Amino acid sequence: MVGTVLVFEGQGATTVPGEPPLDLTLLAPGAAQRAIVVHQLGRARAYGSADDAEPVVGVIGQSLGEITALVVAGALGEDAALELVRLRAELPARLAPGSEWTMASMTRLPLDRAEAAADGLDLWVVGRNGPADAIVVGVTADFATFAERAGATPSTYRQLPVVAPYHTPAMGRVADAFAHAVGGMDVADPQVPVLTPTGPGEVRTAADARRVLVRALTSPVAWADVLATGAARWPDARWRECGPSCSLYRFVWKNGLKLDWADA
C-alpha cells in the first residue's frame, strides 16, 4: 500500500464547514481555535474509518495544526490537546506584551525582501511558506511601516484573524507557562511519523513532542522546508488535508512540488 499523509492547517481559517457553517470571526480566540482542532480531528477520524482507507504513514501540522497532528499520531490525548489549545489562546492576553498585533499572509513577497523590510521593527517573519510567500506578525504600527518598505498593498497580503504574536520571541513568557502545563500532561511517543515545521525536524519521542509544543510558540514555521522533506520521504503517498479551509495545497505548487493532494 502507498499510504496517506494527513495534513492540518493553522488558525487562519474564518469558517468551519457545517449546516450552517460556523463563523469563527464571531468567536473568542479560544473557542475558534478549539473549533478548528475538533473539526480536524473529526475529519481525520472519518477518513481513517472509510472502507478504502490506507494506513497513515505520516502527519504534519502547521502552527495550531501541530497539536492536531500529535493527537492523530497518538502522542497526545484529545482532552489534553484541547486544554493546550485553550491555554495557547488565553495565555497571551495575560502574559504577552500588551500591544496591538497584526498578522498577515504576504502572497507576493520574496523572503529576502520580507526580512529586509522587517529590520529594526517589532515585527518578525514567522512563516516561510514558499520562495515568495511569508507570514509576518508585529506591532500594528510597525506593520504599516513594514508594508510601506516592502511595497505591499492590500492586494498582495491578507490580514489573518490572529491577535497574538505567535511564533515570535514576544511569546517567551507564554511559552514558559505553557511548558509548565505540558510538563504535567501525559505525552507518549508518536505511533506514526510526525514531521514538524518547528525547527524543522521530526517528532520521534515524547520528549520531542513536549519540546515542539513549547518551541512552536516562539519559533517560526518552516512550512516550505517540511513540505519538501515530506515529499522526498513519501513521494508516492496520498496527501489528505483535514481542513477546515483546506488552503495548504497552494504551497505545494508554489514550492514546485508534485503531490497527490486532496481534501480528506
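Only one of GLY138, GLY120, GLY151 is surrounded by 22 or more Cβ atoms within 10 Å (Cβ to Cβ), more than 22 Å from PRO200 (Cβ to Cβ), free of Cβ contacts under 8 Å to residues at least 40 places away in the same chain and not aromatic (Phe, Trp, Tyr); which?
Being surrounded by 22 or more Cβ atoms within 10 Å (Cβ to Cβ), more than 22 Å from PRO200 (Cβ to Cβ), free of Cβ contacts under 8 Å to residues at least 40 places away in the same chain and not aromatic (Phe, Trp, Tyr) holds for just one of GLY138, GLY120, GLY151, which is GLY138.
Please list, ordered by first then second residue, the pairs with beta carbon atoms under 7 Å, 6 or more apart or interchain, first in the range 22-48 and farther than 13 Å from GLU90 by Cβ, second modelled with pLDDT of 95 or more and among the aromatic types (Phe, Trp, Tyr).
Between residues of the range 22-48 that are farther than 13 Å from GLU90 by Cβ and residues that are modelled with pLDDT of 95 or more and among the aromatic types (Phe, Trp, Tyr), the close pairs are GLN40/PHE8.
Please give the helices (runs of 4 or more DSSP H) falling wholly within the range 162-233 in which 2 or more residues are more than 30 Å from LEU257 (Cβ to Cβ).
In the range 162-233, 172-183, 206-215 are the helices (runs of 4 or more DSSP H) which contain 2 or more residues that are more than 30 Å from LEU257 (Cβ to Cβ).
Being surrounded by 19 or more Cβ atoms within 10 Å (Cβ to Cβ) and in the same structural domain as MET185 (by TED's automatic domain parsing) narrows it down to one of GLY42, GLY61, so name that one.
Step by step, each of GLY42, GLY61 is checked, and only GLY61 is surrounded by 19 or more Cβ atoms within 10 Å (Cβ to Cβ) and in the same structural domain as MET185 (by TED's automatic domain parsing).
So, in the range 235-249, of the ones that are in contact with a Ser or Thr (Cβ under 9 Å, 6 or more places away or on another chain) and of a type outside the set (Ser, Thr, Tyr), which residue ends up nearest to ALA35 (Cα to Cα)?
PRO244
Among the numbered conditions (1) in contact with a helix residue (DSSP H, G or I) (Cβ under 8 Å, 6 or more places away or on another chain); (2) surrounded by 22 or more Cβ atoms within 10 Å (Cβ to Cβ), tell me where ASP186 comes up short.
It fails just one condition, (2).
The values are calculated or read from the model by the stated rules, or taken from the named source; none is laboratory data. None of these values were measured; they are calculated from a predicted model. Cβ atoms come from the backbone with ideal geometry, glycine included; neighbour counts cover every protein chain shown.
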